[in-house]
Amino acid sequence: MSTSRAAPPFQEVVETEGHLIDSHVMEQIFDKVVAHGGRFEVEQFRIGRTNDDPSYLRLKVEAPSRDGMEQMLHQLMDLGCSPVDSVDAMLRRVERDRAAPEDFYSTTNLRTLIRYRQDWIQVEEQRMDALIVVRDGRAFCRRLRDIQAGDEVVVGMRGIRVLPEAKERDRLAFAFMAHGVSSERQVEAAVRQTAALIRQTREAGQKVVVVAGPVVIHTGGGPALASMIRGGFVQALLCGNALGVHDIEAALLGTSLGVRLADGRQAEHGHRNHMRAINAIYHCGGIRPAVESGRLTSGVLYECVRANVPFVLAGSLRDDGPLPETITDMNQAQDVYAAELKGAGLVLCLGSMLHSIAVGNMLPSWVRIVCVDINPAVATKVSDRGTGQAVGVVTDVGLFLDLLSRTLAQS
């Protein structure tokens, strides 16, 4: 009589280092193994002796199948684990532009290292949903559309190390719902902490980038944002055609979407005002010429021109006009957005779900994001799409900007 023996489980030994307890990374690692039907055994664990010292974890993991192990390792890599017997990352040459090998490694926004010629090198220009291209001994994140024939890209999951961001004890932790606590006091606390982040960012020589939707103008936040730009607290503005149009409409005609900003009443024939604003800019030959000629004398874009702060208007299918400076090629708009985000230490996302999520996808995990919106789902969606460093402030954007502008002016 023959007896069948169960196949032995697939095993790997992985290790990770960092603030594993404070950031709850260790428990996430254990949960991932169990969720994939696996088992784990802690072979070694060292706790950091101070707040700055990293902890070390060495773990043997088992999975019932090869596919299960591959899926588990992929999840554990995102938490900073890498196989102990790590070999050099596997490279494969691209045969055709924009067509990568099917098993290419897709990046996260977390700091990433690859093992190359028996040494760990850091991947540059980190962003999520990219490939890793190795060239002249250096590694870079590249979008799929930027991959060219002849590039060598990282494939598989060996020789890759992901470093999760440590949890900050003083990280903003805003909960802007009124649960028996004054919402005004909560917003003021958020404003103070955001103002402190702006000052810290500028003192570190990094850029503060504002991503804004047209609601900034509709809610009366335009003058406050203009004041921040004039005061040197903003180094780039990323938005859509709509913000530009309604900012100029407000400056020229005193309305936004045809509603008078002074009293909130609908202006007679106000629905045409945004088209009149666009037409006025075309008569001047563009936004900068409109400022230089004296036709445009106030507003957010006016202050950008005066202070030489770059602004990018990304178009969309529903745009009217659009304004002459609006970039209607989405690939080009993404490229210009990404260029302006280089050197950013803080990004303020103000009332724009689409642009906030897009910018979050372009940023590495160590760039702070403060997302302000009256809809709590916006900040949640930004975080859910991989931008875990985003902090949500649920409040009226105009109110937030007014308080923030005044706080910064007092510094």
Exercise. Say we look at the range 108-126 and pick out the residues that are β-branched (Val, Ile, Thr) and closer than 19 Å to GLY137 by Cβ; which of these is surrounded by the most Cβ atoms within 10 Å (Cβ to Cβ)?
Worked result: VAL123
Problem set entry | Candidates VAL216, VAL234, filtered to the one that is in a loop (DSSP other than H, G, I, E, B) and of a type in the set (Val, Ile, Thr) | VAL234
Exercise. Here are some conditions: (1) more than 26 Å from ARG368 (Cβ to Cβ); (2) assigned to a loop (DSSP other than H, G, I, E, B). ARG115 meets all but one. Which one does it not meet?
Worked result: (2)
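Filter the range 52-74 for residues that are touching a residue at least 40 places away in the same chain (Cβ under 8 Å) and surrounded by fewer than 17 Cβ atoms within 10 Å (Cβ to Cβ); which is nearest to VAL154 (Cα to Cα)? Walk me through how you get there before you give the answer.
Going through the range 52-74, the residues touching a residue at least 40 places away in the same chain (Cβ under 8 Å) turn out to be 56-66, 68-70, 72-74.
So of that shortlist, the ones also surrounded by fewer than 17 Cβ atoms within 10 Å (Cβ to Cβ) come out as 56, 60, 64-66, 68, 70, 74.
Details: TYR56: 26, LYS60: 25, PRO64: 27, SER65: 24, ARG66: 21, GLY68: 21, GLU70: 16, HIS74: 14 Å.
Taking the candidates together, the pick is HIS74.
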For this session: Among the numbered conditions (1) modelled with pLDDT under 95; (2) within 20 Å of ARG143 (Cα to Cα), tell me where VAL87 comes up short.
Result: (2)
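Among the residues of the range 314-371, what is the count of those that are of a type in the set (Lys, Arg) and under 21 Å from ILE229 (Cβ atoms)? Show your work before the answer.
To start, the set of residues in the range 314-371 that are of a type in the set (Lys, Arg) comprises 318, 342, 368.
Adding the requirement that they be under 21 Å from ILE229 (Cβ atoms) leaves 342, 368.
So the answer is 2.
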For this session: For the range 268-287, name all the residues that are surrounded by fewer than 17 Cβ atoms within 10 Å (Cβ to Cβ), more than 12 Å from GLU249 (Cα to Cα) and of a type outside the set (Phe, Trp, Tyr).
Result: GLU268, HIS269, HIS283, GLY285, GLY286
For this session: Among the residues of the range 191-213, write down those that are over 18 Å from VAL391 (Cα atoms) and in a helix (DSSP H, G or I).
Result: ARG202, GLU203
For this session: Output the number of the condition that ASP31 fails; it satisfies all remaining conditions of (1) under 21 Å from ILE114 (Cα atoms); (2) under 27 Å from the mean Cα position of the chain (by Cα); (3) surrounded by fewer than 19 Cβ atoms within 10 Å (Cβ to Cβ).
Result: (1)
Exercise. Within the range 236-251, is there a residue that is farther than 27 Å from GLY360 by Cβ and surrounded by fewer than 19 Cβ atoms within 10 Å (Cβ to Cβ)?
Worked result: no
Exercise. When you look at VAL234, is it in contact with a strand residue (DSSP E or B) (Cβ under 7 Å, 6 or more places away or on another chain), hydrophobic (A, V, I, L, M, F, W, C) and closer than 16 Å to LEU404 by Cβ, yes or no?
Worked result: yes
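List the helices (runs of 4 or more DSSP H) inside the range 299-402, counting only whole elements, that have at least 2 residues being free of Cβ contacts under 8 Å to residues at least 24 places away in the same chain and surrounded by fewer than 23 Cβ atoms within 10 Å (Cβ to Cβ). First the steps, then the outcome.
Values: elements: 300-307, 330-341, 353-362, 376-384.
Counting at least 2 such residues, we get 330-341, 376-384.
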Exercise. Somewhere in the range 262-271, is a residue in contact with a Leu (Cβ under 9 Å, 6 or more places away or on another chain), within 26 Å of LYS207 (Cα to Cα), part of a loop (DSSP other than H, G, I, E, B) and touching a residue at least 12 places away in the same chain (Cβ under 8 Å)?
Worked result: no
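Would you point out which residue out of ARG92, ARG49 is surrounded by fewer than 19 Cβ atoms within 10 Å (Cβ to Cβ) and modelled with pLDDT of 95 or more? It would help to see each step written out before you state the result.
On the way: ARG49 fails: modelled with pLDDT of 95 or more.
Sole residue among the options that is surrounded by fewer than 19 Cβ atoms within 10 Å (Cβ to Cβ) and modelled with pLDDT of 95 or more: ARG92.
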Exercise. PRO101: within 26 Å of MET128 (Cβ to Cβ), surrounded by 12 or more Cβ atoms within 10 Å (Cβ to Cβ) and of a type outside the set (Lys, Arg), yes or no?
Worked result: yes
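The values are calculated or read from the model by the stated rules, or taken from the named source; none is laboratory data. Here the structure is a predicted model, which is why all the values come from computation and not from measurement. Positions of Cβ are generated from backbone atoms using ideal geometry, with glycine treated the same way; all protein chains shown enter the neighbour counts.
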